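The values are calculated or read from the model by the stated rules, or taken from the named source; none is laboratory data. Everything quoted here is computed from the prediction, not taken from an experiment. Don't worry about glycine lacking a Cβ; one is built from the backbone with ideal geometry, like all the others, and counts go over all protein chains shown.
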Amino acid sequence: MPNRCVVGRCSRVSTDEVSLYFWPRDEAQAKLWDRFVRCYRRDWRGGKAGKSVVCSYHFEDKWFDPSQLMQKQLGFRKRALDLLPGATPTIYSKENCSATAPDTWGSPPLKKRRGAFEKRQHQRILDDIFPESEVPDQTVPDVQLQSQTPLSSLTAINLVYQCEIEIEAVVTDRHKQIAKWLREEKGNVTHYTDIWHCAKGNRKKWEAAAKLKGCTEIGPWIRSATNHLYWCTVSTPGLDEASKAMRKAKWLSISNHMVNQHTGHGEPFTKCAHRRLRRADRKKAWIDP
């Protein structure tokens, strides 16, 4: 069974888009947690370290890492927030706690919103920002940071500018509207594309191509090609022209490698970086050119 928040009339689980924190092992801190829970559960006999949990709704913002908290509020962080040492739950809201347990403590939480709903919400935000495909002005849409709906990239950037924080670089997916807006409205901001999105898009294309007649041989190489794309980026992280040329040459070398040709690549990457392959190293068949 999933871990549930032990605070009275809360009962949230991790699928309710909250973070869960296990009971502290420090006795003094554990007593403070027990005292808080006992205020709303008269039958509470004490939490157990490693078993009892309290959700993030009951902690003030000061108990979270500031950088992680900002990433979470802007929709960039999906993982749980880390609690600072000495954190103690102090917040109890009837509205928040009754949302998942309207009658008695221990009631099952509301079902998690479906992915389709989240996509519609995301598209609605984009439509608000780009009315009739127009480039947006500097008006910031009214989006509350405490909303559980992930904020769009452009809304997040505008919110950061509202805080008078200068942005030097932005990493997003390959959304054309975002690239156009950054290029025309924020020309001094460097725009990077997340390698995960590039790899995901390429993988889908390769999988579709592998289903075509006469192209099934590339199927076993899809995972290797994806890893190769990551390696090209990580092994040559520079932004100068020489680094860009090296990344391109490394990426194009995959076509030679898959046909068992490991030298004679284009400049400046003329041969594969791996050692000489033996028969035992061959885990998949070479493609017949």
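Of everything in the stretch 251-288, what is part of a helix (DSSP H, G or I), within 36 Å of the chain's Cα centre (by Cα) and modelled with pLDDT under 90? Give them in sequence order. Can you show your working first?
Of the stretch 251-288, the ones part of a helix (DSSP H, G or I) are 251-252, 254-257, 279-281.
Filter again for within 36 Å of the chain's Cα centre (by Cα), leaving 251-252, 254-257, 281.
Result: Asp281, single match.
Has the stretch 174-186 got at least one residue that is free of Cβ contacts under 8 Å to residues at least 12 places away in the same chain and either exposed (fewer than 12 other Cβ atoms within 10 Å of the Cβ) or touching a strand residue (DSSP E or B) at 6+ places or on another chain (Cβ under 8 Å) (or both)? Explain how you work it out, then say what you get.
Within the stretch 174-186, the first condition is being free of Cβ contacts under 8 Å to residues at least 12 places away in the same chain, and the residues that meet it are 176, 183.
Subsequent filtering for residues that are either exposed (fewer than 12 other Cβ atoms within 10 Å of the Cβ) or touching a strand residue (DSSP E or B) at 6+ places or on another chain (Cβ under 8 Å) (or both) retains 176, 183.
The answer is yes; a qualifying residue exists.
Just a yes or no: is a residue in the stretch 43-53 outside the structural domain of Thr172 (by TED's automatic domain parsing) and under 26 Å from the mean Cα position of the chain (by Cα)?
Just the residues of the stretch 43-53 that are outside the structural domain of Thr172 (by TED's automatic domain parsing), to begin with: 43-53.
Add one more test, that the residue is under 26 Å from the mean Cα position of the chain (by Cα), and what stays is 53.
Yes, the conditions are met somewhere in the stretch 43-53.
Test Lys271 against the criterion of being without any contact (Cβ under 8 Å) to a residue 60 or more places away in the chain, in contact with a strand residue (DSSP E or B) (Cβ under 9 Å, 6 or more places away or on another chain), charged (D, E, K, R) and not assigned by TED's automatic domain parsing to the domain that holds Ile167, and give yes or no. It would help to see each step written out before you state the result.
Numbers: without any contact (Cβ under 8 Å) to a residue 60 or more places away in the chain: yes; in contact with a strand residue (DSSP E or B) (Cβ under 9 Å, 6 or more places away or on another chain): yes; charged (D, E, K, R): yes; not assigned by TED's automatic domain parsing to the domain that holds Ile167: yes.
Answer is yes for this residue.
Only residues that are of a type in the set (Val, Ile, Thr) and more than 30 Å from Glu166 (Cα to Cα): list them for the stretch 184-219, please.
If we filter the stretch 184-219 for residues that are of a type in the set (Val, Ile, Thr), which is where we start, we get 189-190, 193, 195, 216, 218.
Matches in the stretch 184-219: Thr216, Ile218.
Anything in the stretch 23-36 that is of a type outside the set (S, T, N, Q) and surrounded by 15 or more Cβ atoms within 10 Å (Cβ to Cβ)? List them, or say none.
First pass over the stretch 23-36, keeping only residues of a type outside the set (S, T, N, Q): 23-28, 30-36.
Once the filter is applied, which keeps residues that are of a type outside the set (S, T, N, Q) and surrounded by 15 or more Cβ atoms within 10 Å (Cβ to Cβ), the stretch 23-36 yields Trp23, Pro24, Ala30, Leu32, Trp33, Asp34, Phe36.
Of all residues being modelled with pLDDT under 75 and in a helix (DSSP H, G or I) in the stretch 66-114, which is nearest to the chain's Cα centre (by Cα)? Just the residue, please.
This residue is Gln73.
Are any residues in the stretch 1-38 without any contact (Cβ under 8 Å) to a residue 12 or more places away in the chain and either of a type in the set (Gly, Ala, Ser) or not assigned by TED's automatic domain parsing to the domain that holds Pro85 (or both), and if so, which ones? Break it down stepwise before answering.
Going through the stretch 1-38, the residues without any contact (Cβ under 8 Å) to a residue 12 or more places away in the chain turn out to be 1, 26-28, 31, 35, 38.
Correct list: Met1, Ala28.
Using beta carbons and a limit of 9 Å, which pairs, at least six apart or on different chains, have the first residue in the stretch 62-75 and of a type in the set (Gly, Ala, Ser) and the second one surrounded by 15 or more Cβ atoms within 10 Å (Cβ to Cβ)?
Gly75/Thr149; Gly75/Pro150; Gly75/Leu151; Gly75/Ser152; Gly75/Ser153; Gly75/Thr155; Gly75/Ala156
Filter the stretch 183-222 down to the residues that are part of a helix (DSSP H, G or I), under 24 Å from the mean Cα position of the chain (by Cα) and among the aliphatic types (A, V, I, L, M) and list them by number.
The answer is Ile195, Ala199, Ile222.
Going through the stretch 40-65 one residue at a time, which ones are in a strand (DSSP E or B) and closer than 11 Å to Cys5 by Cβ?
Val53, Val54, Cys55
Right, Thr155: in a loop (DSSP other than H, G, I, E, B), surrounded by 10 or more Cβ atoms within 10 Å (Cβ to Cβ), modelled with pLDDT under 85 and among the polar types (S, T, N, Q) or not?
On the way: in a loop (DSSP other than H, G, I, E, B): no; surrounded by 10 or more Cβ atoms within 10 Å (Cβ to Cβ): yes; modelled with pLDDT under 85: yes; among the polar types (S, T, N, Q): yes.
Answer is no for this residue.
Look through Cys272, Cys232 and report the one residue that is surrounded by 15 or more Cβ atoms within 10 Å (Cβ to Cβ) and in contact with a His (Cβ under 7 Å, 6 or more places away or on another chain).
That would be Cys272, the only listed residue that is surrounded by 15 or more Cβ atoms within 10 Å (Cβ to Cβ) and in contact with a His (Cβ under 7 Å, 6 or more places away or on another chain).
Of the conditions (1) over 30 Å from Val160 (Cα atoms); (2) β-branched (Val, Ile, Thr); (3) in a loop (DSSP other than H, G, I, E, B), Val37 clears all except one; give me its number.
The number of the failed condition is (3).
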